[in-house]
1. For the chain, what's the relative contact order in percent, using C-alpha pairs closer than 8 Å and at least 6 residues apart?
2. What are the DSSP H helices in the chain that stretch 24 Å or more along their long axis, judged by alpha-carbon atoms, and whose average Kyte-Doolittle hydropathy comes to at least 0.0?
3. Computed from the mean reciprocal separation of all distinct C-alpha pairs, what Kirkwood hydrodynamic radius does the chain have, in Å?
4. Which is farthest toward the positive dipole end of the chain among T170, A84, G20, measuring Cα position about the Cα centre, with Cβ charges +1 (Lys, Arg) and -1 (Asp, Glu)?
5. If you project the alpha carbons of segment 117-225 onto the principal axes, what extent comes out on each, in Å, largest first?
6. If R0 is 45 Å, what FRET efficiency do you get for D214 and T52 from their C-beta distance, rounded to 0.05?
7. With just the Cα atoms defining each centre, how far is segment 1-80 from segment 130-204? Give it in Å.
8. Which order do the peptides 175-181, 288-294 take when ranked by the mean count of other beta-carbon atoms within 10 Å per residue, highest first?
Amino acid sequence: MDAQLYDTVIVGGGPAGLNGALYLGRSRRRVLLIDSGDARNMAAGVMHNVLTNDGATIEDFRARARAQLAAYDVTFRDDEVVSAEYDGDQVVVTAERSGPVRARTLLYAAGVRSVLPPLPGLTDLWGRSVFECPYCHAWEVRERRFAVYGGGVPSECLASTLTVWSDDITYLTDRRELPQDERELLTAAGVPVRADGVSELKPHPEGVEVVFADGRSAAYGALFLHLDTEPRVAPLRPWLQAPDLESVQTDDRGRTGLPRLYVAGDLGRNMQQAAMAAASGGLAGMAINSDLIREDRPGSLPEPPPPVPGR
Ligand SMILES: Cc1cc2nc3c(=O)[nH]c(=O)nc-3n(C[C@H](O)[C@H](O)[C@H](O)COP(=O)(O)OP(=O)(O)OC[C@H]3O[C@@H](n4cnc5c(N)ncnc54)[C@H](O)[C@@H]3O)c2cc1C
């Protein structure tokens, strides 16, 4: 067992966890950040829409953040957290290789995973010519032919949004029956529908080749999908006692209704974007700092508003 008692252990070294560490480090808090190095956007290699870091590689962004954090009492550990519990007094966080540590608070910023549909060939093209977020990727492929895959989760609004970047967009239903309202949205956006089954995706010099069930194929500059996400909360069970974090997150600073547990980033209530994740990490850092001041100097700060269930 690490003999230190940290003010905060942060799980996750993406924009949320790193910015939380910055706020807490600058608040003279002793912080341990544990990260398994497997960010949601790693497949893309670079990030956009982050001011002064537009187009920066994810590795470089993270390395520079860590270098800046070296000025503060922030320790990094590259490891996988397997459990995080509250023992009635402190938080006990256990990592696979480095074992347990104790802290006064836990900032959980482990992110989410995008759940890819089971389309053969998709994994290899994910983040290269198959994307989820128009704001993150459409500029680089603007004015090319796009396809939008609506075979799993409805993506008709994604198709309409993409009309800013291309006027040649085809909506692929992969045989999913489209309800009338979805058809109307696509018609209004000027996006034609192709209902053939999709059997495979292949790399293509233009971007991506979509192979249909009848053997015909079409090449596109990019394929966009709307995806479900899965919260990475396994280590928090059984503490969490809920299927997701949304049902326990309670205020706009990442305070949950559970003692000493804070969340930030894609796991929180914000839009799932790097800059928003970083902002929410900062907010959670401020919440943690003020809650620790309340604990150390009772009565010195007003109480935060009570939690609103279900938010
Ligand atoms: C392909 C793709 C491209 C994207 N491009 C952009 C873009 O250009 N611009 C943009 O703004 N947004 C982009 N996004 C969204 C962006 O990736 C997220 O909004 C952002 O990364 C969320 O930050 P986060 O800190 O919450 O989580 P993440 O960045 O996912 O970081 C979470 C960290 O927690 C770690 N972790 C998870 N579980 C554990 C554990 N048990 N123990 C230890 N560590 C753990 C992970 O290894 C990871 O390093 C993209 C998303 C995808 C899928």
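1. Numbers: 663 pairs, mean separation 66.1, N = 311.
Here the relative contact order equals 21 percent.
2. Numbers: long enough: 274-296 (33 Å, 0.51).
Passing helices, by number: 274-296.
3. Values: mean 1/r = 0.0475 Å⁻¹.
One decimal place: 21.1 Å for the Kirkwood radius.
4. G20
5. Reported extents, whole Å, longest axis first: 33, 31, 20.
6. Numbers: r = 49 Å, r/R0 = 1.08.
With R0 = 45 Å, the Cβ-Cβ based efficiency is 0.40.
7. 35
8. Working: 175-181: 11.1, 288-294: 18.4.
The peptides rank, most packed first, as 288-294, 175-181.
Rule-based calculations on the coordinates, nothing more; no lab input. Predicted model only: the values in this text are computed from it and were never measured. Neighbour counts run over all protein chains shown; Cβ positions are idealised from the backbone, glycine included.
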